[in-house]
Structures are given as structure tokens and as C-alpha cells.
1. Top mean-square fluctuation among LYS150, LYS131, LYS114, Gaussian network model of the chain, C-alpha springs under 10 Å?
2. Once both axes come from the Cα atoms, what is the angle between helix 74-107 and the longest principal axis of the chain, in degrees from 0 to 90, rounded to 10?
3. Kindly express, to the nearest 10 degrees and within the range 0 to 90, the angle between helix 119-139's C-alpha long axis and the longest C-alpha principal axis of the chain.
4. For the chain, what is the relative contact order in percent, using Cα pairs closer than 8 Å and at least 6 residues apart in sequence?
5. Give me the angle, in degrees from 0 to 90, between the Cα long axis of helix 2-35 and the longest principal axis of the Cα atoms of the chain, rounded to the nearest 10.
6. Using the Cα atoms of the range 71-114, I'd like the radius of gyration and the largest Cα-Cα distance, Dmax, both in angstrom.
7. Putting +1 on Lys and Arg Cβ atoms and -1 on Asp and Glu Cβ atoms, find which of ALA104, SER6, VAL59 reaches farthest to the positive end of the dipole of the range 2-219.
8. Which of the residue pairs LYS41/LYS114; LYS131/LYS158; LYS41/LYS150 have a Cα-Cα distance greater than 29 Å in the structure shown?
Amino acid sequence: MKEHFSEQLEDLRRNLILMGGEVERQIQRSIEALTEVDAEKAAAVIANDGEIDRMEMVVEEQAVQLLALQQPVASDLRFLIAALKINNDLERIGDHAVNIAEGAQRLAGQKPFKPFIDIPYMAEVAMSMLKQSLDAFVNRDALLAKKVIKKDDILDDKNVSIIRELLTYMAEYPNLITYFLELISISKNLERVGDLATNICEDTIFIAEARWVKHHATELT
């Protein structure tokens, strides 16, 4: 029974990792759709969201069954609790990829402005945080998780500076207000991707060290 339970845990872990990889690709493709002004690529991201939802349901069902039938304790219980939360965070990141892709679709017929302010840089930071958060989870690497959490301030600050810059441009180019509002929305979605990557790291620390660090980032060591 113990070996069977271990196999089920590993299967759940693999499915969560597969979902994480697919979500990473969704974010990557949504940004490519924006920067390449590619409406077809944006449409592909939107169409693939159903697969992310399907993967979320599979992981959730596995985790709930293991909690109900196996009554795990200690590290196994922590893993299952964290897996349910990470599963939800990944699905939400997939939703943000769709939001970005929808914005890219609406902007596809327009010439890029400046080009796209600092959004490509912000996307690079967000994707790096997501990748490293998943690496930390896979390896139960609390040290890497803590490093990723500390990066979240970069995204927060960049989001604020982009919004301020775009508000200035709105006054200068009132005919482009709708365009700038789309960029603000995309910036906010990327900022949320960073927040959710941070959540994954907090859950990874919970798995590895049996302690919550949520709302206590300044206590990270």
C-alpha cells in the first residue's frame, strides 16, 4: 500500500509538472503574439485554454482522492495541500495568458508604439519567475523559491512605471487612448503572473520546510 501511494503521489507530481510546462508555453506564446503582432498565434493561445482547464481538473481529482482515501500525514500531507494550491495558481496563470492573447488580438492591426514600452522586459522577468518557481517546486528547492519571491518587487515597480508612462502618453496622444489601455491591461496581467509565481514559491517552501512565509517575505533567509 505504501509503494502504491508513493506511485500515486509521483503521478500527481508529474501531471502538475506537465501542466506547469504547458502554462509556461502559453505565456511565452501570448507574448510572442503581442510582440510579433500575430493574431493567429494569439488565437491559438486562447483555443488551448481548454487543455489547461482539463489538466487542472485531473490534478485536482487526483489530489482530492489521495487526501480522502489515504489520509496522508507529515510531508505527504503538506505536498498534497500545496499541490492543490499550485494547481489553482497555474490555471489562473493560464487565464492571464489568455487575457494577454486577447489584448494581442485587439492590437494586431495597429503599428507597435515605442515598441510596447517596457512590456517585453516585464514579460521576460515574469516568465523567468514562473520557470524558476516550477524548478523550485520540482526540486523542493526552498533557497531558489526564496530568491524568486524577492524578484516580485521588480515586476511591481515596473508595472507602476509602465502605467505612469502610458498615462502621460494618453495626454499627448488622445487618439491612442484605447491602445494604451490595452497595454496597461497586459502589464497588469504580467504583474499578476509574478504574484502567482510567488505563491508557487511560498507553497514550495511549505513543502520543503514545513512553514508558511506568506505575507512575511521580509523574513526570508
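1. LYS114
2. 20
3. With rounding to tens, the tilt is 10 degrees.
4. Contact order relative to length: 26 percent.
5. It works out to around 0 degrees.
6. Rg and Dmax of the range 71-114, Cα atoms, are 18.6, 57 Å.
7. Toward the positive end, the furthest listed residue is ALA104.
8. LYS41/LYS150, as the Cα separations exceed 29 Å there.
Bear in mind these aren't lab numbers, they're just calculated from the coordinates by the rules spelled out. Bear in mind that the values here come from a model prediction, so they are computed numbers and not experimental data. Because the Cβ atoms are built from the backbone with ideal geometry, glycine has one as well, and the counts that use them run over all protein chains shown.
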